[in-house]
1. Might you let me know whether the range 37-47 holds any residue that is of a type in the set (Phe, Trp, Tyr) and either in contact with a strand residue (DSSP E or B) (Cβ under 8 Å, 6 or more places away or on another chain) or assigned to a loop (DSSP other than H, G, I, E, B) (or both)?
2. Filter the range 48-59 for residues that are part of a loop (DSSP other than H, G, I, E, B) and either surrounded by 10 or more Cβ atoms within 10 Å (Cβ to Cβ) or touching a residue at least 40 places away in the same chain (Cβ under 8 Å) (or both) and give the result.
3. What tally of residues in the range 60-77 results from selecting those that are touching a residue at least 12 places away in the same chain (Cβ under 8 Å) and either touching a Ser or Thr at 6+ places or on another chain (Cβ under 7 Å) or not in a helix (DSSP H, G or I) (or both)?
Amino acid sequence: MMSLPPWHFAGFHLDPDNACLWHGTSALQLPPKVFALLQYLVAHAGRLVTKEELLDACWPETAVSDGVLKEVVKLSV
């Protein structure tokens with residue numbers, strides 16, 4: 001399996017290989033869907049990402065309502 005690159009932003013380090021977000025030396029464990037959403041947004045920074053694209057990327061082949069995206073974003077704050 002190919003290793004994914006880490007991303008650094010605003011004092012954070014997103015580690016996709018270990019599904020972990022670091023702030024300095026503190027590991028912040030995120031729920032899997034919150035991590036998937038953050039990783040997708042960071043990987044596609046600099047362009048508009050539609051709600052439909054996020055739903056397809058984070059919930060592939062799964063029928064979910066628009067509200068699920070709102071709930072995952074709420075979990076991340």
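1. To start, the set of residues in the range 37-47 that are of a type in the set (Phe, Trp, Tyr) comprises 40.
Among the residues that remain, those that are also either in contact with a strand residue (DSSP E or B) (Cβ under 8 Å, 6 or more places away or on another chain) or assigned to a loop (DSSP other than H, G, I, E, B) (or both) are: none.
For the range 37-47, residues of a type in the set (Phe, Trp, Tyr) and either in contact with a strand residue (DSSP E or B) (Cβ under 8 Å, 6 or more places away or on another chain) or assigned to a loop (DSSP other than H, G, I, E, B) (or both): absent.
2. Residues of the range 48-59 part of a loop (DSSP other than H, G, I, E, B): 48-50, 59.
If the condition is that a residue be part of a loop (DSSP other than H, G, I, E, B) and either surrounded by 10 or more Cβ atoms within 10 Å (Cβ to Cβ) or touching a residue at least 40 places away in the same chain (Cβ under 8 Å) (or both), then Val49, Trp59 are the ones that fit.
3. Initial filter on the range 60-77 (touching a residue at least 12 places away in the same chain (Cβ under 8 Å)): 66, 68-69, 72-73, 75-76.
Pick out the ones that are also either touching a Ser or Thr at 6+ places or on another chain (Cβ under 7 Å) or not in a helix (DSSP H, G or I) (or both) and you get 66.
Going through the range 60-77 one residue at a time, the tally reaches 1.
Conditions tested, residue by residue: (1) over 18 Å from Trp7 (Cα atoms); (2) surrounded by 12 or more Cβ atoms within 10 Å (Cβ to Cβ); (3) at pLDDT 85 or above; (4) of a type in the set (A, V, I, L, M, F, W, C).
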{"site": "His23", "(1), (2), (3), (4)": "no, no, yes, no"}
{"site": "Phe35", "(1), (2), (3), (4)": "no, yes, yes, yes"}
{"site": "His44", "(1), (2), (3), (4)": "no, yes, yes, no"}
{"site": "Gly67", "(1), (2), (3), (4)": "yes, no, no, no"}
{"site": "Val73", "(1), (2), (3), (4)": "yes, yes, no, yes"}
{"site": "Ser76", "(1), (2), (3), (4)": "no, yes, no, no"}
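The values are calculated or read from the model by the stated rules, or taken from the named source; none is laboratory data. If you're wondering where the values come from, they're calculated on a predicted model, not measured in any experiment. Virtual Cβ from ideal backbone geometry, glycine too; neighbours counted across all protein chains shown.
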